[in-house]
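Single-structure report; data block below.
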Amino acid sequence: MLKGAVPLPPPRTFARACAMAFTILLFFSSCAATRHRENAFSPVYVTDVKKLQVLPPRYMDGRLDDLQFFSGNFAGRSFYFQTYIQADKKGLSLTILNEMGFEMGSLSYTEKDLSFSSSYFPQGLKAEYMLLDLQNCYYDVDMLRESYAAAGHEFSTSTTENTETRRIQDGDTIIEEITIERSESGRKDIRIANSLRSYSYELRTIAQ
């Protein structure tokens, strides 16, 4: 087990829960591990009719090199695993880890390429949906606001001393709310709640 890791369920239960989680959260579309060329990324449907494109990696706000504990909920069912994320203005990579610290899947994103590959998760998972949720948490606020406005949505933020809240709205309806809590050490713990798709999850940093 990795240093700082959180104990997880038995392997079979863990794998089934992860597969269900990603089936729900990422939706169904093109085949996993498909390569995309620049300006050819598939759009993400924020609602059933409104869509937008993911932002280029150059709009990343700062850099990340974190081991995180992922816990989520959909329709009263819980799922959890560990992720290792690295991101800067050149690209983003996310590795999904099982309870022993072995890789179960990986997302890779650069200016020209986007891929998600895994032998554990169902075919048809769309990398753009996973990427957009990460961008909503970590990318430049002004660029996110501009991107959502072009798609007919409102992206707004509010802050307190240690907490930032980001909201995506369709008119008066809140689609998604992202809460980012910052510790004195600079660590970010994130909660995402998507009211439209009825899912929520947390990303808690356990090592930097």
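Applying the criterion of at least 1 residues that are farther than 19 Å from Ser42 by Cβ to the strands (runs of 3 or more DSSP E) found wholly in segment 85-137 leaves 91-97, 103-110. Residues of segment 140-162 that are open to solvent by less than 30 Å² (accessible area, probe 1.4 Å) and over 17 Å from Asp61 (Cβ atoms): Ala151, His153.
Within segment 173-208, the set of residues being among the small types (Gly, Ala, Ser) and either open to solvent by less than 20 Å² (accessible area, probe 1.4 Å) or out of contact with any Leu (no Cβ under 6 Å at 6 or more places or on another chain) (or both) comprises Ser183, Ser185, Gly186, Ala193, Ser195, Ser198, Ser200.
Taken together, Leu107, Leu97, Leu67, Leu125 contain a single residue that is modelled with pLDDT under 95, over 18 Å from Leu203 (Cβ atoms) and open to solvent by less than 40 Å² (accessible area, probe 1.4 Å), which is Leu125.
The residues listed here are Glu161, Glu177, Glu146, Glu181; of these, the one that is over 30 Å from Glu103 (Cβ atoms) and in contact with a strand residue (DSSP E or B) (Cβ under 7 Å, 6 or more places away or on another chain) is Glu177. Of the set (1) open to solvent by less than 30 Å² (accessible area, probe 1.4 Å); (2) within 24 Å of Val49 (Cα to Cα), all apply to Thr165 but (2). Kindly list the number of the only condition in (1) open to solvent by 30 Å² or more (accessible area, probe 1.4 Å); (2) within 17 Å of the chain's Cα centre (by Cα); (3) closer than 15 Å to Lys51 by Cβ; (4) not aliphatic (A, V, I, L, M) that fails for Asp170. Result: Asp170 passes all but (2). For segment 95-150, the set of residues classified as under 15 Å from Phe70 (Cβ atoms), out of contact with any Gly (no Cβ under 7 Å at 6 or more places or on another chain) and polar (S, T, N, Q) consists of Thr95, Asn98, Ser106, listed by residue number. Taking the criterion of being of a type in the set (Gly, Ala, Ser), closer than 16 Å to Arg167 by Cβ and part of a helix (DSSP H, G or I), the residues of segment 138-154 that qualify are Ser147, Ala149.
The values are calculated or read from the model by the stated rules, or taken from the named source; none is laboratory data. Predicted model, so just to flag it, every value in this text is computed and none were measured. Here the Cβ is made from the backbone with ideal geometry for all residues, glycine too, and neighbour counts use every protein chain on show. When the accessible area is computed, the model is the full protein with side chains, heavy atoms only, and any ligands, DNA or RNA have been set aside. Shrake-Rupley method; radii C 1.70, N 1.55, O 1.52, S 1.80 Å.
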